[in-house]
Amino acid sequence: MVTLYHFDLPQALQDQGGWKSAGIATLFDSYAKFCFETFGDRVKLWLTVNEPRVCAKMGHEDGIHAPGLKELGTTAYLVGHNMLRAHAMAWHTYNSFYRPKQKGAVSLAINSDWLEPLNPGCKEDIAATERDLAFTLQWFAWPVFVTGDYPEVMRSAIDTQSEKMGYSGSSRLPRFSKDEPAILGTADFFALNYYTSRKVKAGGDCGQMCMRSDQNAEEVLDPSWPISGVFWLAVVPTGLRKLLKYIKDTFNNPPVYITESGFSQVGPLQIKDVQRCEFYRDTILEMAKGLGLRDSSCSLWGSPLVWEWMEEGERRKVGRNQFGGLDSAIE
């Protein structure tokens, strides 16, 4: 499996506007075509874009990933939109010109936690969870697998917040053009990056025109969940099973590849890596409980692959060279 884009553009393209530029989609398609032409006889699984939400939000609104921009309100949505356009163009290129001979498959890797209401009996928490899912998993999966457009919950939340803030322009969430390749159906499998879970409650509006206010949902950790070597990575294998079930029911039971998952540790190197073994055992057992899922596999994420872009405080032993070590098919 080969990923064409993972978080960082060549500086020359960034200087031209990067993912904010509409023309980036055509350039990406040309790059993908070169890769299909050059390596497609050996590569049978392709990912166009890895974790577009991370690049869009954390790279262009939060400023903690490349390219480090803090442009609130519209840029993240524009970047995500152009990433989906680029992905769709590349998928159609492969489908039309390379699939008949190379017989490979193309998708994009979508990251998501499992999200559930903090209080299952609270209508506000239930609605906040639905919004949270719309702004995370569904942001990129809904156009590709369901309707060809963004989830209505997401668009409605953005437009409502725009009106509240006195914004009078067109919707901050772009619309897809009928003159460009269709978005719907441009994934041959569901590529999922899963690490952890969160409880969700209502709240999060910070009074600014930004994604946090649009989403209006606050994520919290269940105190019963053990924390690994980084503060955000609570160990919740059951969340993976619930998320896989949600994907099956919501996105028409696609084949699923878990393209990232892992466990972080701190402290001295452990030769008898009991905690990590328990994590992988429990994760695979939860996958096995997902009966009825189509062919699924799990890849384990290793520190050599993430070192250069992780924040200093996160540079722990995330996976220690165990990426791609397991495959687990489920029927």
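The values are calculated or read from the model by the stated rules, or taken from the named source; none is laboratory data. The shown structure was predicted, so the numbers you read here are calculated from the model rather than taken from an experiment. We place every Cβ from the backbone using ideal geometry, glycine too, and count neighbours over all the protein chains shown. With ligands, DNA and RNA removed, areas are computed over all heavy atoms of the protein, side chains included. Shrake-Rupley method; radii C 1.70, N 1.55, O 1.52, S 1.80 Å.
Mean shadow of the range 12-166, computed from the convex hull of its alpha carbons, in nm²?
Result: a mean projected hull area of 11.1 nm².
Looking at the chain, what % of its DSSP beta bridges pair antiparallel, to the nearest 5?
25 percent
Please report the carbon-and-sulfur percent of the accessible area for the chain; probe 1.4 Å, protein heavy atoms only, DNA, RNA and ligands left out.
54 percent
Might you report the magnitude of the Cβ-based charge dipole of the chain about its Cα centre, with Lys and Arg at +1 and Asp and Glu at -1, to the nearest 20 debye?
Once rounded to the nearest 20, the dipole reads 600 debye.
Mind checking the per residue accessible area of the chain for me, 1.4 Å probe, whole number of Å²?
Per-residue value: 46 Å².
Pick from Trp142, Trp225, Trp114: which is most flexible by mean-square fluctuation in a GNM of the chain where alpha carbon atoms under 10 Å apart are linked?
Between Trp142, Trp225, Trp114, it is Trp225 that shows the largest mean-square fluctuation.
Of Val153, Val274, Val256, which has the largest mean-square fluctuation in a 10 Å C-alpha GNM of the chain?
Val274
For the range 59-72, take each phi angle, set θ = phi - 60°, evaluate the Karplus expression 6.51 cos²θ - 1.76 cosθ + 1.60, and give the result in whole Hz per residue in order, putting x for glycine and proline.
Residue by residue, the range 59-72 yields x, 10, 10, 7, x, 10, 10, 4, x, x, 8, 10, 10, 7 Hz.
Among Glu163, Glu124, Glu260, which one shows the highest mean-square fluctuation when the chain is modelled as a Gaussian network with alpha-carbon springs under 10 Å?
Sorting by GNM fluctuation, first place goes to Glu163.
Looking at the range 133-183, what % of the alpha carbon pairs are farther apart than 13 Å?
60 percent
List the residues, sorted by chain then number, that are 5 or more residues from Leu108 or on another chain and whose placed amide H is less than 5 Å from its amide H.
Amide H to amide H, under 5 Å and 5 or more residues apart or across chains, Leu108 pairs with Thr48, Ala191.
Projecting each Cα onto the charge dipole of the range 48-173 (Lys/Arg +1, Asp/Glu -1 at the beta carbon, about the Cα centre), which of Leu72, Ala109, Ser170 comes out farthest on the positive side?
The residue sitting farthest along the positive end of the dipole is Ala109.
Consider just the alpha-carbon atoms of the range 126-223 and return their Rg together with their Dmax, both in angstrom.
Answer for the range 126-223, Rg first and Dmax second: 15.0, 50 Å.
Between the range 236-284 and the range 113-132, how far is it from one alpha carbon centroid to the other, in angstrom?
So the separation of the two Cα centres works out to 22 Å.
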